[in-house]
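Participant: The structure under discussion is supplied below as structure tokens; questions concerning it will follow.
The values are calculated or read from the model by the stated rules, or taken from the named source; none is laboratory data. Here the structure is a predicted model, which means the values were calculated and not measured. Positions of Cβ are generated from backbone atoms using ideal geometry, with glycine treated the same way; all protein chains shown enter the neighbour counts. Surface areas here come from the heavy atoms of the whole protein model, side chains and all, with no ligands, DNA or RNA. Shrake-Rupley method; radii C 1.70, N 1.55, O 1.52, S 1.80 Å.
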Amino acid sequence: MHPALSVIVFTTASGAGYGMLFWLGLLAPLGLLPVGAGFGVTASVVGLGLVTIGLMSSALHLGHPERAWRAMSQWRTSWLSREGVTSLITYVPAVVFPLLWLITGAPGPVGFAGAAMAVVTVVCTGMIYASLKPIRQWSNPYVLPIYLLAALFSGGACLAGVATFWGASRLLAYGSIVAAVVTLVAKLAYWRSIDAGAGNAGSGDAGAGGGRGGARTPADATGLGKLGRVRSLDPPNTEENYLLREMGYRIARKHAARLRVIAVLLGFIAPIVLLPFIPPVAAIAALLGLLVERWLFFAEATHTITLYYGRSA
């Protein structure tokens with residue numbers, strides 16, 4: 001899939017923002033974070049700022065951004081619509097929480113509602129991709145957990161960076177490290193899974209549909225595998241079209257391998273090492289590394305429709 005910068009920024013920034021709101025809403029009422037109202041307001045503004053940047057970037061990805069509100073009307077059937085609706089609902093407790101904290105001088109239980117809605121919104125974002133069966137790299141059991149874990153990790157790192165200026169929270173730093181380790185393990189397992197799927201493309205029953213993740217060969221895509229070998233006589237178009245530009249992006253295996261190493265080192269190893277000592281720098285490294293990881297998430301995805309253009313899995 002075409003790795004559009006707007007969607008990459010959206011998933012990275014909003015994930016970190018919702019992660020911040022989750023940690024803040026969960027730990028502050030329990031007295032496990034700095035209790036000053038200044039911290040609460042600052043952390044909330046940073047978290048909501050990341051969320052807003054992400055949502056605005058997502059709207060800019062639309063052909064007609066002025067019609068973005070219409071995307072929320074199909075919430076009964078569309079995960080994208082659900083994500084839009086829940087993101088707006090999340091603003092309510094996320095804004096009320098710091099205001100009450102500023103007025104009363106102490107974080108209240110409304111933070112729990114903000115934390116819960118942050119989780120629901122990230123689930124909807126992850127399901128936008130995990131529910132798309134024609135893309136085997138997205139219709140994968142690791143996708144949704146990775147979205148949740150990445151938000152937890154990056155949001156925790158960002159909140160730890162803010163908390164440094166009010167007295168660093170060791171619990172938050174070490175909690176973010178644990179989340180980073182678990183996210184890294186899940187991401188490595190995901191890469192192994194999609195690589196194995198590409199290696200097994202064409203094995204087994206050619207007409208079986210390719211298992212979870214959709215068709216992987218022209219025989220799967222047409223359902224004609226049982227009749228014999230399936231090949232294309234002519235491509236559907238004589239030159240590159242919109243479908244190939246948006247759904248037929250290709251990245252060289254050697255480049256993907258290098259970017260995976262960069263994503264691991266910058267997005268996970270560096271934050272794990274730096275979080276106990278320099279949380280703000282660790283947060284920046286995490287966001288930059290996750291931008292690379294998210295770019296790969298789109299660039300390595302292959303849509304079933306490309307099989308009709310003579311490409312293999």
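Participant: Mind checking the dipole of the chain: about its Cα centre, +1 per Lys or Arg Cβ, -1 per Asp or Glu Cβ, Debye to the nearest 20?
Facilitator: Using only the charged Cβ atoms, the result is roughly 620 debye.
Participant: Can you give the charge dipole size of region 214-267 about its Cα centre, rounded to the nearest 20 debye, using +1 on the beta carbon of Lys and Arg and -1 on the beta carbon of Asp and Glu?
Facilitator: 420
Participant: Connecting C-alpha atoms closer than 10 Å in a GNM of the chain, tell me which of Pro98, Pro145, Pro107 has the biggest fluctuation.
Facilitator: The residue that fluctuates most here is Pro145.
Participant: Shifting gears a bit: Counting other C-beta atoms within 10 Å, and keeping those with at most 11, which DSSP coil trypsin sites (Lys or Arg not before Pro) do you find in region 50-79?
Facilitator: Those that pass, being in a loop and sparsely packed, are Arg76.
Participant: Counting alpha carbon pairs within less than 8 Å and at least 6 residues apart, what relative contact order, in whole percent, applies to the chain?
Facilitator: The value is 24 percent.
Participant: Any idea which of Val181, Val9, Gly156 is furthest toward the positive side of the dipole for the chain, if Lys and Arg beta-carbons carry +1 and Asp and Glu beta-carbons -1?
Facilitator: The residue sitting most towards the positive pole is Val181.
Participant: Considering the Cα positions of region 1-127, please state its Rg to one decimal place and its Dmax as a whole number of Å.
Facilitator: Computed over the Cα atoms of region 1-127, radius of gyration and Dmax are 15.2, 49 Å.
Participant: Taking the Cα centre of the chain as the origin and placing charges on Cβ (Lys, Arg +1; Asp, Glu -1), which of Phe22, His61, Pro279 is farthest toward the positive end of the dipole?
Facilitator: Final value for the positive-end residue is His61.
Participant: Can you give the FRET efficiency for Lys226 and Thr77, using 1/(1 + (r/R0)^6), R0 = 30 Å, r = Cβ-Cβ distance, to the nearest 0.05?
Facilitator: 0.35
Participant: Taking only the Cα atoms of the chain, how large is their convex hull per residue, in Å³?
Facilitator: Cα-based convex hull of the chain, divided per residue, equals 129 Å³.
Participant: What is the angle, in °, between the Cα long axis of helix 37-60 and the longest principal axis of the Cα atoms in the chain? Nearest 10 is fine, range 0 to 90.
Facilitator: 20
Participant: At 222 nm, what value in deg cm²/dmol follows for the chain if DSSP H runs of at least 4 each add -39500 (n - 2.57) and the sum is divided by all its residues, to the nearest 500?
Facilitator: -21000 deg cm²/dmol
Participant: List the trypsin sites (Lys or Arg not before Pro) within region 231-287 that fall in a DSSP loop (any state other than H, G, I, E or B) and whose Cβ has at most 13 other Cβ atoms within 10 Å.
Facilitator: Arg231, Arg250
Participant: Something else: For the chain, the longest stretch holding no GluC sites (Glu not before Pro) located in a DSSP loop with at most 16 other Cβ atoms within 10 Å is which?
Facilitator: The reported range is 1-238.
Participant: Ok, one more. In square angstrom, what is the accessible area per residue of the chain with a 1.4 angstrom probe?
Facilitator: 47
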